[in-house]
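**Q** Submitted below is the structure of interest, expressed as structure tokens.
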Amino acid sequence: MDHFLYRDGALFAEDVPISEIAAAVGTPFYVYSTATLLRHFKLFDDALEGTDHLVCYAMKAASNQAILKTLAQAGAGMDVVSGGEYLRAKAAGVPGDKIVFSGVGKTADEIRTALTGGIRQFNVESEPEMEVINAVALELGVIAPITVRVNPDVDAKTHAKIATGKSENKFGIPISRASEVYARAASLPGLEVIGIDVHIGSQLTELEPFELAYNKVAELTERLRAEGHNIRRLDLGGGLGIPYNRSNDAPPLPVEYGAMIQKTLGHLGCEIEIEPGRLIAGNAGLMVSKVIYVKSGEDRDFLILDGAMNDLIRPAMYEAHHDIVAVQEPEPGVERQPYDIVGPVCETGDTFAKQRNMPPLAPGDLVAFRSAGAYGAVMSSEYNTRPLIPEVLVNGDQFAVIRERPSFDEIINRDTIPEWL
Ligand code: LLP
């Protein structure tokens, strides 16, 4: 459920008409709903009620300071994957002991930043990385809390570009080598082993792969405990999928996911961490764009929008489906017609949808891409010197621009000219 609904024929974000935001900030833009962000965070938090837990929002999904602050004030921890994300979390007021640091290639500088500013734990991805964390901790005279990310060799049954839990993927250490790696970790004086981490992929639409992975984590917990490690925290990653196509998709609900976690891991008495990103931010955001032209081709018609692949890359990159709706609600029973919906960028990949049935639309009309809150703004670029589009946050009947659209001068002046030119 989200808070983008039609009222009297017009699409609203909570209590604000989308058309009012478009008039104020211009198109295209991203708009997020505070109520939806908080609702989704709470669904996870409630799903783990009764278990010692922390929901660490995977901020890679949408990392605007205003979004982070909204979630942090509700009690969320954060999952970060770079020094930059770590600093964003701190800037949004998240205390170090609620920040977990994931990612396959943490540099010594990033590790230093986190150890200096405070960190809940590093999720270690490889043996060489473990040695570097140890060395930096010793240099700073602190102890680094760690889990080791294990790769359970489970098929997440999701898009190949976002599956991470198979042995051929670059993530984590093979679960079969865990004993050896944990023994080494325990021998390093700059590290404190506190738990196990696993994340098998993103946009999972079934519970079964999670359950297979978590059962392996349960077995491993018992084995490592028997080997003398004090395993007391399990980080279960993110990955629960969302219904991108509202008429077809029905992924499991957070409450079902939470019950499965309790069932597979509850008996171990560990603190549970989860790292959802997409489910918190995805359906809490729209990308709003304007029709520039309606073009009749030889065998098909095109809706040419002012938004493009540089603003929302998911369709081009993952063949992802986003529902696209008219901001002015179509009359009931109005005839729909198929269009290829495209942006103005000079490549055929700049296609949002092929042969999508849409109500009649004319130049100047607004359309909204649903489920664009996660991996939308954060993956955008200024390809074709198209400025990064603004982000807007709605809260009840208020809205605020939370990232401005840069001017062309700002963009051009970021480049510097060598003295020989
Ligand atoms: N934890 C770790 C270690 C991750 O790598 C990820 C996502 C998450 C948590 C959050 O997963 P989520 O709950 O959002 O599924 N750009 C792609 C998605 C990439 C996901 C990368 N890792 C897309 O647009 O579909």
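**Q** For the chain, give the percent of accessible area contributed by carbon and sulfur heavy atoms, probe 1.4 Å, rounded to a whole number. Numbers along the way, then the final one.
**A** Working: 9220 of 17810 Å².
Of all accessible area on the chain, carbon and sulfur atoms account for 52 percent.
**Q** Right, another one. For the pair D299 and N248, what calculated FRET efficiency results from E = 1/(1 + (r/R0)^6), where r is the Cβ-Cβ distance and R0 = 30 Å, to the nearest 0.05?
**A** 0.70
**Q** Please compute the modelled spin-label separation between E168 and I292, points set 7 Å along Cα→Cβ, answer in nm with one decimal.
**A** Spacing of the two 7 Å Cα→Cβ label points: 3.9 nm.
**Q** Place a point 7 Å from Cα of A259 in the direction of its Cβ. Which residues in region 213-251 have their backbone N less than 16 Å from it?
**A** Under 16 Å, as judged by backbone N against the label point of A259, lie 251 of region 213-251.
**Q** At 1.4 Å probe size, what's the solvent-accessible area of K263? Round to the nearest 10 Å².
**A** Spelled out: K263, probe radius 1.4 Å, area about 140 Å².
**Q** Compare the Cα positions of Q262, F44, S176 along the charge dipole of region 33-281 (+1 at Cβ of Lys, Arg; -1 at Cβ of Asp, Glu; about the Cα centre) and return the one farthest towards the positive end.
**A** It is F44.
**Q** Can you tally the net charge around P406? Count Lys and Arg as +1, Asp and Glu as -1, for every other residue whose Cβ sits under 15 Å from the Cβ of P406.
**A** Numbers: positive: R386, R403, R405, R414; negative: D311, E382, E391, E404, D409, E410, D415.
So the surrounding residues net to -3.
**Q** Can you list residues from other chains, or at least 5 along the same chain, whose modelled amide H is less than 5 Å from the amide H of M78?
**A** For M78, whose amide H was placed from the backbone, the distant partners under 5 Å are Y57, I99, V100.
**Q** Taking the chain as a Gaussian network, Cα atoms linked when under 10 Å apart, which of N283, N134, N169 shows the biggest mean-square fluctuation?
**A** Looking only at N283, N134, N169, the biggest GNM fluctuation is shown by N169.
**Q** Let me ask something else. Which one, P152, G77, A226, projects farthest toward the positive side of the charge dipole computed for region 33-281 from Cβ point charges (K/R +1, D/E -1)?
**A** Checked the options; the winner is G77.
**Q** So, one more: Sum up the charges of everything whose Cβ sits under 13 Å from the Cβ of S371, counting Lys and Arg as +1 and Asp and Glu as -1, but leave S371 out.
**A** Summing Lys/Arg as +1 and Asp/Glu as -1 gives +1.
**Q** Enumerate the calculated ³J(HN,Hα) couplings along region 157-170 in order (Karplus 6.51 cos²θ - 1.76 cosθ + 1.60, θ = phi - 60°), each rounded to whole Hz, writing x wherever the residue is Gly or Pro.
**A** Ordered by residue, 3J(HN,Hα) equals 6, 10, 4, 3, 6, 10, 8, 10, x, 9, 4, 7, 7, 7 Hz.
**Q** Shape of region 273-421 from its Cα gyration tensor (a ≥ b ≥ c, root eigenvalues): rounded if a/c is under 1.5, otherwise prolate when a/b > b/c, or oblate?
**A** Oblate, since a/c reaches 1.5 and b/c is not below a/b.
**Q** Right, something else. Suppose R0 equals 30 Å; then what is the FRET efficiency for Q65 and R39 from their Cβ-Cβ distance, rounded to the nearest 0.05?
**A** Numbers: r = 21 Å, r/R0 = 0.68.
According to the calculation, E is roughly 0.90.
**Q** Continuing with the same structure: For n ≥ 4 DSSP H runs only, could you compute -39500 (n - 2.57) per run for the chain, divide by its residues and tell me the 222 nm figure to the nearest 500?
**A** Computed mean residue ellipticity for the chain: -8500 deg cm²/dmol.
**Q** If each residue of separation counts as 0.36 nm, what is the full-extension length gain between Q73 and M317 once their alpha-carbon separation is subtracted?
**A** Values: separation 244, 0.36 × 244 = 87.84 nm, distance 3.33 nm.
Extending this stretch completely gives an extra 84.5 nm.
**Q** So what's the net charge close to Q65: Lys and Arg +1, Asp and Glu -1, counting the other residues with Cβ under 15 Å from its Cβ?
**A** +2
**Q** What's the magnitude of the charge dipole for the chain around its Cα centre, counting Lys and Arg as +1 and Asp and Glu as -1 at the beta-carbon? Answer in Debye, nearest 20. Let's see the in-between values first.
**A** Numbers: 38 positive and 59 negative charges, 89 e Å.
Value, rounded to 20: 420 debye.
**Q** Can you work out D for the chain in µm² s⁻¹ from Stokes-Einstein, where Rh is the Kirkwood radius over C-alpha pairs, the temperature is 25 °C and the viscosity is 0.890 mPa s?
**A** Taking Rh from Cα pairs, D becomes 108 µm²/s.
**Q** Region 33-82 to region 140-194: how many Å between their Cα centroids?
**A** The distance from the Cα centre of region 33-82 to that of region 140-194 comes to 24 Å.
**Q** Given charges of +1 on the Cβ of Lys and Arg and -1 on the Cβ of Asp and Glu, with all other atoms neutral, how large is the dipole of region 33-281 about its Cα centre, in debye to the nearest 20? List each step's numbers first, then the result.
**A** Working: 25 positive and 32 negative charges, 118 e Å.
Result for region 33-281 is approximately 560 debye, rounded to the nearest 20.
**Q** Does region 33-281 come out rounded, prolate or oblate by the C-alpha gyration tensor, with a ≥ b ≥ c the root eigenvalues, rounded set by a/c under 1.5 and, if not, prolate when a/b is larger than b/c and oblate if not?
**A** It is oblate, given that a/c is not under 1.5 and a/b is not larger than b/c.
**Q** If you take the beta carbon distance between N413 and Q337 as r and set R0 to 41 Å, what does 1/(1 + (r/R0)^6) give as a FRET efficiency, to the nearest 0.05?
**A** The calculated FRET efficiency here is 0.40.
**Q** Next question, about the same structure. Show the residues, 5+ positions off or on another chain, whose built amide H is closer than 5 Å to the amide H of F12.
**A** HN-HN under 5 Å from F12: L5, Y6, R7, I18.
**Q** What ranking, highest mean first, results for peptides 121-128, 89-96 when packing means the other Cβ atoms within 10 Å averaged over each residue?
**A** Ranking the peptides 121-128, 89-96 by packing returns 121-128, 89-96.
**Q** Filter the cross-link list K106/K290; K170/K290; K42/K161; K170/K354; K42/K157; K106/K354 down to pairs whose alpha-carbon distance in this structure exceeds 31 Å.
**A** Among K106/K290; K170/K290; K42/K161; K170/K354; K42/K157; K106/K354, the Cα-Cα distance tops 31 Å for K106/K290; K170/K290; K170/K354; K106/K354.
The values are calculated or read from the model by the stated rules, or taken from the named source; none is laboratory data. Note that the structure is predicted; figures quoted are calculated from it, not measured. So basically every Cβ, Gly included, is an ideal-geometry build from the backbone, and we count neighbours across all protein chains shown. These accessible areas exclude ligands, DNA and RNA; they are computed on the full protein's heavy atoms, side chains included. Shrake-Rupley method; radii C 1.70, N 1.55, O 1.52, S 1.80 Å.
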